[in-house]
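Below: the structure, in structure tokens.
Read-outs: derived from the displayed coordinates by stated rules, not from any lab. It should be emphasised that the depicted structure is a prediction, and the values quoted were computed from it without experimental measurement. All Cβ positions, glycine included, derive from the backbone under ideal geometry; neighbour counts span all protein chains shown.
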There are 2 protein chains.
Amino acid sequence: MNKVEKIAIQDEYPDEFAWCYGCGRLNTEGHHIRTVWEGEETVTYYESGDKFTAIPGFVYGGFIASLVDCHGTGSAALALHRKNGHEPGDSVEPPRFVTASLHVDYLKPTPQGVQLKAVGKVEEIHPKKFKVHVKLYAGDEHVVNGEVVAAFMPASFVK
Amino acid sequence: MNKVEKIAIQDEYPDEFAWCYGCGRLNTEGHHIRTVWEGEETVTYYESGDKFTAIPGFVYGGFIASLVDCHGTGSAALALHRKNGHEPGDSVEPPRFVTASLHVDYLKPTPQGVQLKAVGKVEEIHPKKFKVHVKLYAGDEHVVNGEVVAAFMPASFVK
């Protein structure tokens, strides 16, 4: 199964949580970030094209922050889902996380026109809180380090 | 002069640096973030509307990160410009900064439908590097803390 065919955690969020501008499958205007397992790591691939410009030729840092953010919450959801004995595709609704904090170190300019790949390692720091360590690659180039603290979505978040 | 009439630092970036998706005045698709002095603080106002959704009713964290990011680089540019004896509107081209690192703490969900206000305090940590401490308000509610380390744009960033 290649990466395109894998079911992402965001493919299975309940409909009412599928409107996120970054990763909601029902948001027609958004980024549609999709996060999958590759072994013990979580991965998001993204073709950023030339829409999100910083300086012409380089990707906008705010978009990169968005990618790290949704990759982080998706990774935490994958991790808790697996801890609960489930994988995307097994018909069990996955948990949903919110971002408590986001940190991004821009190591070098990120070129446009190459595939972006975010790779995450998930660390459990509390039964319902995970820290996701993210490395972002543009093609083969390691351009960004990120860290997301994601917390299980509190009931107060739902209207 | 009210906040709408003030000249923002982004209004005076050279054309080749005015394409940023977050704050470039020439980017027709972007956010058009605009940052001004209010006394010794820097301020960005933003009407986020309902486009950038996290969960329906709440603002997407990736958009908030973008707002903090461009408010940070704009604040650093304002600060160095002032250190050099200049203010927006005095016909001198301002310096341009890039983000070295971005940190965002989401203190509580940010409601949609109210004006966002980012307030920055700029700390010089090196002659060409500034740390911007950001507080984001949604109406009167303090919803986010941010920190941006912004560095004077290196020549290598220009193609």
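Annotations for the structure displayed:
- When the charge dipole of chain A is built from unit charges on Cβ atoms (+1 for Lys and Arg, -1 for Asp and Glu) and taken about the Cα centre, the candidate among A:F152, A:G139, A:N84 whose Cα reaches farthest toward its positive end is A:F152.
- Of B:S48, B:S66, B:S101, the residue with the greatest mean-square motion in the GNM of chain B, using alpha carbon springs below 10 Å, is B:S101.
- For region B:50-109 and region A:52-83, distance of Cα centres in Å: 18 Å
- Placing a label point 7 Å from Cα along the Cα-to-Cβ axis, A:D15 is separated from the same position in the other copies by 5.0 nm, shortest listed first.
- Total formal charge among the other residues, if their Cβ is under 15 angstrom from that of A:P127, Lys/Arg +1 and Asp/Glu -1: +3
- Computed helical MRE - 222 nm, chain A, DSSP H runs ≥ 4 contributing -39500 (n - 2.57), nearest 500: -5000 deg cm²/dmol
- Chain A, Cα convex hull volume normalised per residue, Å³: 116 Å³
- Here the dipole of chain A is about 320 debye; that uses its Cα centre as origin and unit charges on the Cβ of Lys and Arg (positive) and Asp and Glu (negative).
- Loop-located trypsin sites (Lys or Arg not before Pro) in region A:1-49 (DSSP state not H, G, I, E or B) with no more than 13 neighbouring Cβ atoms inside 10 Å: A:K3.
- Neighbourhood net charge (10 Å Cβ-Cβ; Lys/Arg +1, Asp/Glu -1) for B:Y13: -3
- Here the simple spin-label model places points 7 Å from the Cα toward Cβ, and for B:L107 and B:R82 these points are separated by 2.2 nm.
- Using a 7 Å projection from Cα along Cα-to-Cβ, the label point at A:E87 is separated from the same position in the remaining copies by 6.4 nm, smallest value first.
- Given R0 = 22 Å, the distance between the Cβ atoms of B:H133 and B:E38 translates into a calculated FRET efficiency of 0.90.
- Loop-located trypsin sites (Lys or Arg not before Pro) in region A:77-128 (DSSP state not H, G, I, E or B) with no more than 16 neighbouring Cβ atoms inside 10 Å: A:K128.
- Counting only alpha carbon atoms, the long axis of helix B:61-83 and the longest principal axis of chain B meet at about 30°.
- Karplus-derived 3J(HN,Hα), 6.51/-1.76/1.60, for each residue of region B:34-50, Hz, glycine and proline x: 10, 10, 10, 6, 10, x, 9, 10, 9, 9, 10, 9, 8, 9, 7, x, 10
- With at most 16 neighbouring Cβ atoms within 10 Å, loop GluC sites (Glu not before Pro) (DSSP) excluded, longest segment of chain A: A:48-159
- For A:P127, inter-copy separations between label points set 7 Å beyond Cα along the Cβ vector come to 5.6 nm, shortest first.
- Neighbourhood charge, 10 Å Cβ-Cβ cut-off, centred on A:E40 and excluding it, Lys, Arg +1 and Asp, Glu -1: 0
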